[in-house]
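The values are calculated or read from the model by the stated rules, or taken from the named source; none is laboratory data. Note that the structure is predicted; figures quoted are calculated from it, not measured. Cβ placement follows ideal geometry from the backbone for every residue including glycine, while neighbour counts extend to all protein chains displayed.
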Amino acid sequence: MHNVIVIFGPTASGKTRLSIELAKEIGGEIISADSMQIYKFMDIGTAKPSKEEMDGIKHYMIDEVYPDEEFSVAKYKKLALEYIKEIISKGKIPIIIGGTGLYINSLIYNIDFSEVETDWDLRNKLKKEADEKGNAYLHDKLKAIDPDAAQKIHVNDVKRIIRAIEVYESTGKTISHLQKVSRLKPPEYNYIKIGLTMDRAKLYDRINKRVDVMLENGLVDEVKKLVELGYDKNAIAMQGLGYKEILAYLRGECTLAEAVEILKRETRRYAKRQITWFKRIKDVFWIDMDKFNNEHEIIENLKDCLATSGIFL
């Protein structure tokens with residue numbers, strides 16, 4: 001069974017640089033597991049690595065679809081598995097890297113999300129309910145159907161709330177039940193799970209500074225360009241962090257300073273949810289990023305840890 005490395009952690013924890021340095025060290029290629037980096041034209045707000053930062057390392061699952069296109073977990077898993085096979089066929093090591101928990105779980109637990117087809121009429125009806133009655137109303141509806149899913153899905157994550165309700169309405173079974181059943185089939189690869197952690201205060205400071213850098217690098221202009229291209233607040237990707245806040249500013253709903261503070265706050269909250277999600281994953285090699293001075297030290301430590309488990313890179 002081939003090894004596939006999976007690096008996950010909260011936003012701004014240093015995943016990108018570490019994965020690129022690791023890929024250079026062991027002869028790997030990178031598959032993104034980020035639900036926003038799949039969209040074209042959205043570079044600054046999604047913190048996509050530039051060509052210079054990629055440093056010659058091939059990246060997959062970046063710029064796959066347009067901002068108004070639907071992109072499901074099922075599609076992600078299908079494409080990611082195709083890319084894993086492609087990378088292995090070249091004699092290289094696949095490295096999955098990202099912070100989208102559902103994408104990562106779909107691979108490491110071999111969860112099958114493809115059985116339930118999209119019900120657009122129901123989806124549009126639920127979206128209208130969220131717009132008219134609020135996200136909490138829809139979240140309460142999910143709580144009555146599937147309390148386990150409601151506990152894991154944030155009240156403002158409307159996309160996932162709708163999908164969970166849609167699954168129940170289409171199958172009569174909760175998404176929590178289907179995910180448990182689908183995990184019975186073992187994964188196709190030996191996924192080596194590497195989780196990144198750091199002091200919470202330090203992480204939040206990094207998040208705040210990253211948002212400031214995004215603004216300096218032209219996030220407002222990026223959102224303006226997206227609007228000019230015809231992608232308004234109804235486009236799927238424009239609901240993402242960094243885009244909905246700046247879009248609200250451009251629509252005159254708040255000042256730029258208010259938008260920036262909201263973005264920082266919501267990104268910190270998102271990081272907290274990511275940390276909670278990743279703690280549920282078992283058999284993880286955890287790396288405390290505070291203990292190392294650079295990526296080289298981290299990689300050497302990681303190789304030593306893996307070697308003790310009989311995994312040699």
So which pairs qualify, if the first residue must be in the range 205-218 and assigned by TED's automatic domain parsing to the domain that holds A271, the second must be surrounded by fewer than 17 Cβ atoms within 10 Å (Cβ to Cβ) and in a helix (DSSP H, G or I), the Cβ gap must be under 9 Å, and the two must be at least 6 apart or on different chains? L215/L256
Does the range 146-155 hold any residues that are touching a residue at least 24 places away in the same chain (Cβ under 8 Å) and either within 21 Å of the chain's Cα centre (by Cα) or at positive phi (or both), and which are they? D148, A149, K152, H154
May I ask you to say which residue of V220, V260, V213 is surrounded by fewer than 15 Cβ atoms within 10 Å (Cβ to Cβ) and at pLDDT 95 or above? V213
Only one of A23, A74 is under 23 Å from F312 (Cα atoms) and either in the same structural domain as I194 (by TED's automatic domain parsing) or out of contact with any helix residue (DSSP H, G or I) (no Cβ under 9 Å at 6 or more places or on another chain) (or both). Can you tell me which? A23
Those residues of the range 273-303 which are under 24 Å from Y109 (Cα atoms), touching a residue at least 40 places away in the same chain (Cβ under 8 Å) and in a helix (DSSP H, G or I) amount to R273, Q274, I275, W277, F278, L302
Filter result for I165 (among the β-branched types (V, I, T) and either assigned to a loop (DSSP other than H, G, I, E, B) or under 30 Å from E25 (Cβ atoms) (or both)): no
Which members of the range 15-32 meet the condition of being within 23 Å of L226 (Cβ to Cβ) and in contact with a Gly (Cβ under 9 Å, 6 or more places away or on another chain)? S32
I need a count of the residues in the range 168-177 that are part of a helix (DSSP H, G or I) and closer than 20 Å to N124 by Cα. 5
Just the residues that are farther than 26 Å from S13 by Cα, among the aromatic types (F, W, Y) and part of a helix (DSSP H, G or I), please, taken from the range 211-249. Y249
Of the residues that make up the range 182-200, is at least one modelled with pLDDT under 90 and in a helix (DSSP H, G or I)? yes
Test each condition in (1) without any contact (Cβ under 8 Å) to a residue 40 or more places away in the chain; (2) part of a helix (DSSP H, G or I) for R160 and report the one that comes out false. (1)
The one condition in (1) free of Cβ contacts under 8 Å to residues at least 60 places away in the same chain; (2) assigned by TED's automatic domain parsing to the domain that holds A271; (3) out of contact with any strand residue (DSSP E or B) (no Cβ under 7 Å at 6 or more places or on another chain); (4) not aliphatic (A, V, I, L, M) that Y103 fails to fulfil: (1)
